[in-house]
Structures are given as structure tokens and as C-alpha cells.
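Worksheet: the structure to be examined is printed underneath.
The values are calculated or read from the model by the stated rules, or taken from the named source; none is laboratory data. Every value quoted in this text rests on a predicted model; they were computed, and no experiment measured them. A quick note on method: Cβ atoms are made from the backbone with ideal geometry, for glycine too, and the neighbour counts reach across all protein chains shown.
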Amino acid sequence: MSVAHGRPAREGRTRPAWLACAEARIRAFIAGSAVPEDPAHADNTVEWLLRLRPGADAALRLAALGHDIDRAAPDKVRREDFDDYDAFKAAHAEHGAAILGGLLARCGVPAAVRDEACRLVRAHEVGGDPRADLLKDADSLSYFEVNLPLYYRREGREETLRRCVWGIRRLSPRARRMLEDGRFIDSRLVDLVQEALRLAGPSHAPSPAGGRR
């Protein structure tokens, strides 16, 4: 497969069998997660990706769908094993990329697409280039739309507020404006998100230690 400007070329108009295979395998794997919102978060992250970049290529879409695949693994990376939250997140991303790479290889995904999807998953917590930043925004916005109510129910207000502040500080200015609009946030949690926005300060403020997720 050809690569232009460091990106895998888009697939043609006919949907490739390898893409359908890869999406099905990713969804089947994530369906085994013990975290109930994980399957919906995976699909919703793809939806946010396509809102942010309509026509996103296969590598971006597969990375969006599979970015948290580590969380469904029997040997998933666990927060309690790390003193440092950023180290936990880095290990989560690295393990997820390794799992995703194996699934994509079994579906015959072209090497350029597979390598880029795995690179994006490795970078999805921190970004660092326009494509990785795009995935980070889609993931973060999906947290506020899909994950937030169940996270609040499990973890309580204080932990959820801390997690929201961490998530807001990851957002690009464009994504933060979308969050500030707030129409997709559970109405019961709008006040909490508004408080988190105040605590987070201006866009691109330094990130704190984060939360449990």
C-alpha cells in the first residue's frame, strides 16, 4: 500500500474485506471488557473522530475503535500497579497497540495501515502530532458523552471531578469549545463538568495526576 506524507493511503470506495474483519475482531474483543461502557465508548470515539475529521482514513478509524482494547484484555494494565498515573497511561497505550497489531495482522490489514493504527494507539493518551491529537480529542470527548455517568456511579463525585479536570486539560481549543457547548453531556452532570472547566483553567494548562481510568 502506498504512503503519502507519512500517512497510509485511503482505501478505495469498495469496503475492503480486511477492514470489515478488523472492525469485527476489535468489537468482539472489546465486548469481553468488564467495564460496561467500553464497547459504547469504542464506537462513540469513532463517531467523534468523524465529526472532527469527516472522511478519516482506515488507520485513524481502526485506532479510534481499538484505542482502549487493553482494558478488555485478561492481562490488562492496572492502575494500582503504578505509582505514576502517566506511566500507567503509557503502559496501557503500549499494551493496547500490541494487542491491536496482532488482531490487524490476522485480518490481513496492509502493513502501512496496521503500523499507523498501532502508532496512533501508542500516542492516544498524549498526542504529539496532528493525527494523534485528533484521536486524543475524540477519545476525550467520548469520555464526557459515554463514560462519565457510569464512571460517576462507580467512583463518586470527588474522583470524577478530578478525572474530568484531567480530561479537559488534554483537549485542544476546538474540542474544548465542543465540550463547553455541553449539549451531549448527561443533564445530571452538567454542573460537575462546568466546575471541572473552571478548575481546569485555560486550554493547554499543565495536566495533573489524573484519575483512575
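Brief remarks on what is shown
Per-residue answers, yes or no, for (1) surrounded by fewer than 21 Cβ atoms within 10 Å (Cβ to Cβ); (2) touching a residue at least 40 places away in the same chain (Cβ under 8 Å); (3) of a type outside the set (Lys, Arg); (4) in contact with a helix residue (DSSP H, G or I) (Cβ under 9 Å, 6 or more places away or on another chain):
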{"position": "ASP57", "(1), (2), (3), (4)": "yes, yes, yes, yes"}
{"position": "LYS76", "(1), (2), (3), (4)": "yes, no, no, yes"}
{"position": "LEU100", "(1), (2), (3), (4)": "no, yes, yes, yes"}
{"position": "VAL146", "(1), (2), (3), (4)": "no, yes, yes, yes"}
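- Looking across the stretch 62-91 at every residue that is hydrophobic (A, V, I, L, M, F, W, C), in a helix (DSSP H, G or I) and farther than 22 Å from PRO36 by Cα, the one that is nearest to the chain's Cα centre (by Cα) is identified as ALA90.
- When each of ASP70, ASP86, ASP81 is tested for being at pLDDT below 95 and either of a type in the set (Ser, Thr, Tyr) or touching a helix residue (DSSP H, G or I) at 6+ places or on another chain (Cβ under 9 Å) (or both), the lone residue that passes is ASP81.
- Listed here are the helices (runs of 4 or more DSSP H) enclosed by the stretch 92-168 that have at least 1 residues being more than 26 Å from PRO16 (Cβ to Cβ) and modelled with pLDDT of 95 or more: 130-142, 148-168.
Here's the yes/no breakdown for (1) modelled with pLDDT of 95 or more; (2) outside any helix (DSSP H, G or I); (3) on the phi > 0 side of the Ramachandran plot:
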residue: GLU11; (1), (2), (3): no, yes, no
residue: LEU19; (1), (2), (3): yes, no, no
residue: ARG25; (1), (2), (3): yes, no, no
residue: ALA34; (1), (2), (3): no, yes, no
residue: ALA40; (1), (2), (3): yes, no, no
residue: VAL46; (1), (2), (3): yes, no, no
residue: PRO54; (1), (2), (3): yes, yes, no
residue: LEU60; (1), (2), (3): yes, no, no
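- A count restricted to the stretch 148-202 and to residues that are among the small types (Gly, Ala, Ser), crowded, with 19+ Cβ neighbours inside 10 Å and under 18 Å from VAL126 (Cα atoms) stands at 3.
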